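Chemist: The structure that follows is given in the form of C-alpha cells.
The values are calculated or read from the model by the stated rules, or taken from the named source; none is laboratory data. What you see is a predicted model, and the numbers here were worked out from it, not measured in a lab. Neighbour counts are summed over all protein chains in view; Cβ atoms, including those assigned to glycine, are modelled from backbone coordinates with ideal geometry. Heavy atoms of the whole protein, side chains included, go into the accessibility calculation; ligands, DNA and RNA do not. Shrake-Rupley method; radii C 1.70, N 1.55, O 1.52, S 1.80 Å.
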Amino acid sequence: MPNLKLAKLPDRTPVKLTISITPELHRALDDYARLYKDVHGVAEPVCELVPAMLAGFLEADRGFAKARRSLDPSGA
C-alpha cells in the first residue's frame, strides 16, 4: 500500500444537539444573525452561526484548554 502524506481524515459526522434557550437569548441570536448579514452581505440562519460561535468561545477559553489537556495526556 502506498505511503500518503495525507493522514486518514477524522470523523466528520455531524452530531445533532437539541437545546432550550430563553426568549431573551433567542432574540439576541436573531439580532446577531441580522447584524451578520449586514456586515458580511450573506444571510445565515442562527442554527449555522451557533456552532461557529461555540467553537470560537471554546478556542478563546485558555482555562478550558489547559484543563482539557490535563484530562487527556495524549493531547487528542
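Chemist: With springs connecting C-alpha atoms under 10 Å apart, model the chain as a Gaussian network and identify which of 11, 30, 38 has the largest mean-square fluctuation.
Modeler: For the chain, modelled as a Gaussian network with Cα springs under 10 Å, the answer is 11.
Chemist: Given a Förster distance of 35 angstrom, what is the FRET efficiency for residue 30 paired with residue 6, based on the Cβ-Cβ distance and rounded to 0.05?
Modeler: On the way: r = 40 Å, r/R0 = 1.14.
Rounded to the nearest 0.05, the efficiency is 0.30.
Chemist: Continuing with the same structure: Test of understanding: in a Gaussian network model of the chain with alpha carbons linked when under 10 Å, which of 50, 15, 42 would top the mean-square fluctuation ranking?
Modeler: So, out of 50, 15, 42, the one fluctuating most is 15.
Chemist: For mean projected area of the Cα convex hull in nm², which listed value, (i) 9.0; (ii) 5.5; (iii) 7.1, comes from the coordinates shown?
Modeler: Computed from these coordinates, mean projected area of the Cα convex hull in nm² corresponds to label (i).
Chemist: Roughly how many Å² is the accessible area per residue of the chain, as a whole number, for a 1.4 Å probe?
Modeler: 98
Chemist: Net charge within 12 Å of residue 50 by Cβ-Cβ distance, Lys/Arg positive one each and Asp/Glu negative one each, not counting residue 50 itself?
Modeler: It works out to a net charge of -3.
Chemist: Follow-up question, since we're still on this one. Ignoring any ligand, DNA or RNA, what whole percent of the accessible area of the chain comes from carbon and sulfur when the probe is 1.4 angstrom?
Modeler: Roughly 62 percent of what the probe reaches on the chain is carbon or sulfur.
Chemist: Follow-up. If you keep only loop residues by DSSP, which trypsin sites (Lys or Arg not before Pro) in the range 1-75 have at most 12 other Cβ atoms within 10 Å of their Cβ?
Modeler: When the trypsin sites (Lys or Arg not before Pro) of the range 1-75 are filtered for loop state and at most 12 Cβ neighbours within 10 Å, 5, 8, 12, 16 remain.
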